[in-house]
Every structure is written in structure tokens, then in C-alpha cells.
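Heads up: the structure comes next, in C-alpha cells.
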Amino acid sequence: PAVAHWLFGDQLGPHFIDPARGGPRRDVPLLMIEARGVFRRRRFHRAKAHLILSAMRHRAAELGDRVRYVKADSYREGLEAVGDGPVTVHHPTSHAALGFVRSLPSVRVLPARGFLVTHDAFTSWAAARGTKQLRQEDFYRWVRQAHDLLMEGDRPAGGRWNLDHDNRQPPPRDVTALGVPAPYRPRESAIDEEVRADLDRWSRDGDVRFVGEDAPRAFPATRREALAALHRFADHRLATFGAYEDAILAKDATMSHSLLSSSLNLGLLDPAECVELAETRWRSGDVPLNSAEGFVRQIAGWREFVWHVYWHFGDEYRDRNVLRHHRALPDWFTELSPEGTDANCLSHALDQVRGAGWTHHIPRLMILGSFALQRGWEPRAVTDWFHRSFVDGYDWVMVPNVVGMSQYADGGRMTTKPYTSGGAYIDRMSDYCGPCRYKPSVRVGEDACPFTSGYWNLLHRHRERFEHNARMVQAVRGLDRLRDLDELLAQEAARED
Ligand code: FAD
Ligand code: SF4
């Protein structure tokens, strides 16, 4: 038997030590390694470093004598604490960590936990698709059937797989907040105080540097807190999740979103319990189908798909850069300084990241990511920025979301077209444009919205590629109707200098 079972910092829930689910026997001691070197390699958001350390230390306190909690500089050094005996570990979540554990003869890797679909099941699904492109929508339908989620016999509940059409409503124009009960927020404990003191000391020592605000911890660090957050969401916020999923209100950053990503990614929640609860609430008539389906799609569709394509595409995927974008991120962006831009939407999104290390998916995709794409910033640097700045950012989830979804750096392996738009989309889906010094409909001159001009500039730069994309060809033809295109291109060139 193993002398220890090693828990990574994102394997903190009960499903990672359950013998009935392939976990270690109950008499096997546990090992956790807090590796300070991880924080030295990247300049993380302070709230993210705090959340990870707090969650690990809370878990160690719960496990008591069963766990050996080692503070070390590296994982290798931490493993020395258990000598040469055999150690088991569940499949880690990054290529680097998997390579490391596989390189150690004393470590045996157990199957991954924390996802609905196993690696083998995904491999069979992908093989059955043959040479066809892997699409999230196909995968999602398969997962719904295979896991009997929101199904009526072999048909999707309500007769349609996809209720996105009902879930793209702009925000209500006459309110500043959606008016749903606030999300769950935890109360800090003595462990958080200790973490804060350690992070202060590391900063003073000068070997670890952070970005972002050191605000009170806003996301769950324990299973109990994560369950409270899940139930608050299901009971009070899920009902309105669907309709306004893509909308943004300046004064209501969270709207009806679940804020569960960090808890899922730390392993505090199992995705199965989240989607099953949403289905239960729909079956009991408490929430409409478009909300339950929208939420199930995010977790059973997007989250699972992203996890599997991360492994399927291999480690080289992170270096994809088909659009040959090489510009560096400006300092105001990397420093999370909202003052660095007078684009109201971008400034608000950066401010949210600075404060909480979190925004919902539309500011990530259609403001922060879209801006980076239009400006031609290097995808790998953009991935690194997202990874460091967001509380829920881990390699497996950032690489496909940024390289594939947001920067189109893979040339369309994950999406059928680039996710980017002019200011008109942001104007429709948010209340940012009214007070902005730019105008979403203007593309040239003093009032030119940087998203509108940036959009046309991007289409022009990549005209040849996008002309061959059936979903982009209409948009590209729009370039021919722009009588001020030369002026616009000159303006964009000047802006980028
Ligand atoms: P909700 O809107 O309530 O959605 C429910 C859950 O669905 C989320 O908690 C999350 O677990 C899951 N989910 C939805 N979409 C995705 C997706 N594309 N990939 C993975 N899970 C998804 N999500 C992360 O968890 N970590 C990241 O590092 C991350 N980086 C992103 C970067 C970009 C550029 C984009 C466009 C999206 C990224 N996402 C990431 C996905 C998504 O934006 C966040 O999961 C979501 O905004 C978190 O807020 P929430 O928990 O309130 O989500
Ligand atoms: Fe953003 Fe343009 Fe709207 Fe200003 S006008 S908020 S820059 S989309």
C-alpha cells in the first residue's frame, strides 16, 4: 500500500479521497504540499494566492492528524518529507504537473476526479467523430444523454437542446441592478488572517510579487462554504440566470451568475452535484427550463469540453498563434489600472479584475479578450495574464478559453469564428456606452469607439483568412462599404504606436 496519498491544492473535496470512487483507503495518510516557488514563478492576483492558500490550509485543518502538511519551496522538496515509499495521487490538472508526477517512479497516478466525463469516454467520443471538428454543442448533447441530464426519455427536456435563443437578452434598460439576492460571501477565519500575514511577509521579503487588491476573501475556501454558495445560487439566483446570462450592468457585476467557478476548480464542489441540483429545481417547478439548461450547459457542456480539449490538443496548443499576433500587453493592462483607458467598458472590467480577480464570462470574452485580439496582443501573454489575474484561473481552463475561444489563435479548432465585435454589441448588452466618452457607432475621429474601429481593423488585417470562413464572409464584405477605411486604418496605426 501507498505510504501516502498526495492531494494537490485543487483536489480539496471529499470526492478526491473517497475509496468507493477509486480514492485511497481510509488508513492511508494524506500529504499536502504548499510550494512557495509556485507563487514566485508568476505574479498572481493577491486574492487568488489568498484563496488557494486559505483553501489548502482549511482543508488540512479539517483532515487533522490524517494529513501531513508540508511547506516547501517546490513539490520535489515537499515529497522528500515522505521518503522513497510509494505515493498515489489523482491525475493532476496541468501538462506540467502530469509530466512531473509521471517522471517520479515512486508516484502512481490514479484517474482524474472532479469531472463528469472520463478521459477514456472522451477519447471514444472524439474517435467516433473521425476527422470532423470537435464541437462543444455535439459534445454537450452527448453528455446530456450519457448522464441523463434534463432528458425526457431520449429527448431533451422541453424538446430543444439549446435554449440560447432565450438566454441572450440585453439588460433591462430602466434598472441599475438586476435585483436578485446577492451571492453568498464567506466570513474570514483565523486561517485567513494567518494567510494574509504570510502573504504580507512574502511581499516584504521581495521574492513574491502580487497584483490586484487585497480585499476580504470573496469566494469559498471550504466545502461547507462552497455548499452554502451552491444552495444560495440554486434557491435565489438560478431562476434569473438564463435570460440575462450575457448581459452586463455597470453597477451589478455579478447579476445572476453563480460565482462557483473557483469552488469547482479547487475541487470543493463536484460538477455532478451542481447540475443535478439545477435539474431538481427545474423539476420541482422552482426555476424555468432556460435557466436550468443554461447553467447545465455551462458546466456539463463548456467546462467539461474545455477540460478534455486541453488534454486532447496537447501541450503545444498553448503556443498556437495562427494570426501571428506579437504585440506586448501595455503596462496599464498588466497592472490592472482602470485609469489606463478611457473606454468605459474596459475600464470597468479591469476595475472588477483588480478588485475581485473575477468578472463574468461576457466581460472576459467580449471586452477584455476581444480588446486583446483586436490589438494583436500575443496570445501566450494574454493567456498568462488571465491565468494570473483570475481567482478561477488554472492552466487547463485558461489555455483553451484564451488561445481557442478568445484569441482564435488556433484558427478555429474550438470555435467556428472569432469572438469579437464592434461597440454596437457592447452597447446592446450593457449600460456602459451612454456615459462613455466614445460613441459605439463612430469608427473614425475623436469619438471613435476603440472596439468599433478595432473590429474593422482586425477584419482588414486578416481579410484573407476570414474571407474563407462562412460565418465571417458577410462581415468581411462590410469592409468594402467603408468609405473611410483608409482613415480608420491610419487612426488605428497611430493608436497602436
Ligand atoms: P457561471 O456563469 O455561473 O457559469 C457556471 C459555471 O460554468 C462556472 O462556474 C464554470 O465552472 C462553468 N463554465 C462556464 N463556461 C466555462 C468555460 N468556458 N470554461 C470552463 N468553465 C466554464 N472559467 C474558469 O473556471 N477558469 C478560468 O480560468 C476561465 N477563464 C476564462 C477566460 C476567458 C477569456 C473566457 C472567455 C472564459 C473563461 N472562463 C474561465 C469561463 C467563464 O468565464 C467562467 O467560468 C465564469 O465566468 C465564472 O463565473 P461563474 O462561476 O459565475 O460562472
Ligand atoms: Fe466601450 Fe465603445 Fe461603449 Fe465606450 S462606446 S463603453 S469604448 S463599447
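In a shell of Cβ-Cβ distance under 14 Å around GLY23, excluding GLY23 itself, what net charge do Lys and Arg (+1) and Asp and Glu (-1) give?
Local charge sum for GLY23: +3.
For the chain, what does the relative contact order come out to in percent, with C-alpha contacts under 8 Å and a separation of six or more?
Relative CO of the chain lands at 16 percent.
Would you work out the charge dipole size for the range 319-496 about its Cα centre, treating the Cβ of every Lys and Arg as +1 and the Cβ of every Asp and Glu as -1, and quote it to the nearest 20 debye?
For this selection, approximately 620 debye.
Okay, helix-only estimate at 222 nm for the chain: each DSSP H run of n ≥ 4 adds -39500 (n - 2.57), divide by all residues, round to 500 deg cm²/dmol; what do you get?
Rounded to the nearest 500, it is -11500 deg cm²/dmol.
Please give, to one decimal in nm, the separation of the simple spin-label points placed at LYS132 and ALA81, each 7 Å out from Cα toward the Cβ.
In this crude spin-label approximation the distance works out to 4.9 nm.
Roughly how far apart, in whole Å, are the Cα centres of the range 193-240 and the range 381-430?
About 24 Å separates the Cα centre of the range 193-240 from the one of the range 381-430.
Read phi for every residue in the range 382-391 and hand back ³J(HN,Hα) as whole Hz from Karplus 6.51 cos²θ - 1.76 cosθ + 1.60, θ = phi - 60°, with x for Gly and Pro.
5, 4, 4, 4, 4, 4, 6, 8, 10, 4
Given the Cα-Cα distance of SER103 and GLU188 and 0.36 nm per residue of separation, how much length would full extension add, in nm?
Going from the current span to full extension adds 26.8 nm.
No solvent, one uniform scatterer per C-alpha: report log10 I(q)/I(0) for the range 377-497 via the Debye equation at q = 0.10 1/Å, two decimals.
-0.36
Between ASP486 and ASP214, what is the FRET efficiency for a Förster distance of 56 Å, r being their Cβ-Cβ separation, to the nearest 0.05?
Values: r = 48 Å, r/R0 = 0.86.
Calculated value: 0.70.
I'd like the per residue volume of the convex hull spanned by the Cα atoms of the chain, given in cubic angstrom. Walk me through the numbers before you get to the answer.
Numbers: hull volume 77.0 nm³, N = 497.
Roughly 155 Å³ of hull volume per residue.
Suppose the chain between ALA121 and LYS71 were pulled fully straight at 0.36 nm per residue; how much longer would it get relative to their current alpha carbon spacing? Could you put the intermediate results ahead of the total?
Details: separation 50, 0.36 × 50 = 18.00 nm, distance 3.68 nm.
Additional length available on full extension: 14.3 nm.
Report the full-extension gain for the segment ALA177 to GLU339: residue separation times 0.36 nm, less the Cα-Cα distance, to one decimal in nm.
55.9 nm
Based on the Kirkwood radius over alpha-carbon pairs, what value in µm²/s does the Stokes-Einstein equation return for the translational diffusion coefficient of the range 4-110 at 20 °C and 1.002 mPa s? Don't skip to the end; give the middle numbers.
Values: Rh = 14.3 Å.
It comes out at roughly 150 µm²/s.
Given H placed on each backbone N at 1.01 Å, which residues far from LEU30 in sequence or on other chains put an amide H within less than 5 Å of it?
Counting only residues 5 or more places away or on other chains, the set is HIS5, VAL67, ARG68.
How far is helix 136-146 tilted off the main Cα axis of the chain, in degrees rounded to 10, range 0 to 90?
Helix 136-146 sits roughly 40 degrees off the main axis of the chain.
Could you tell me how many degrees, from 0 to 90 and to the nearest 10, lie between the Cα long axis of helix 119-128 and the main elongation axis, the longest principal axis, of the Cα atoms of the chain?
Value to nearest ten degrees: 40.
Neighbouring Cβ atoms within 10 Å as the yardstick, rank THR254, THR118 fewest first. Don't skip to the answer; put the middle values down first.
Values: THR254 20, THR118 12.
The order, fewest Cβ neighbours first, is THR118, THR254.
Take HIS308, HIS119, HIS91 and order them by how many other Cβ atoms sit within 10 Å, fewest up front. Write out the running numbers ahead of the final one.
Values: HIS308 23, HIS119 15, HIS91 19.
Listed from fewest to most nearby Cβ atoms, that is HIS119, HIS91, HIS308.
Bear in mind these aren't lab numbers, they're just calculated from the coordinates by the rules spelled out. Here the structure is a predicted model, which is why all the values come from computation and not from measurement. Every residue, glycine as well, gets a Cβ built from its backbone with ideal geometry; the counts of neighbours run over all protein chains shown.
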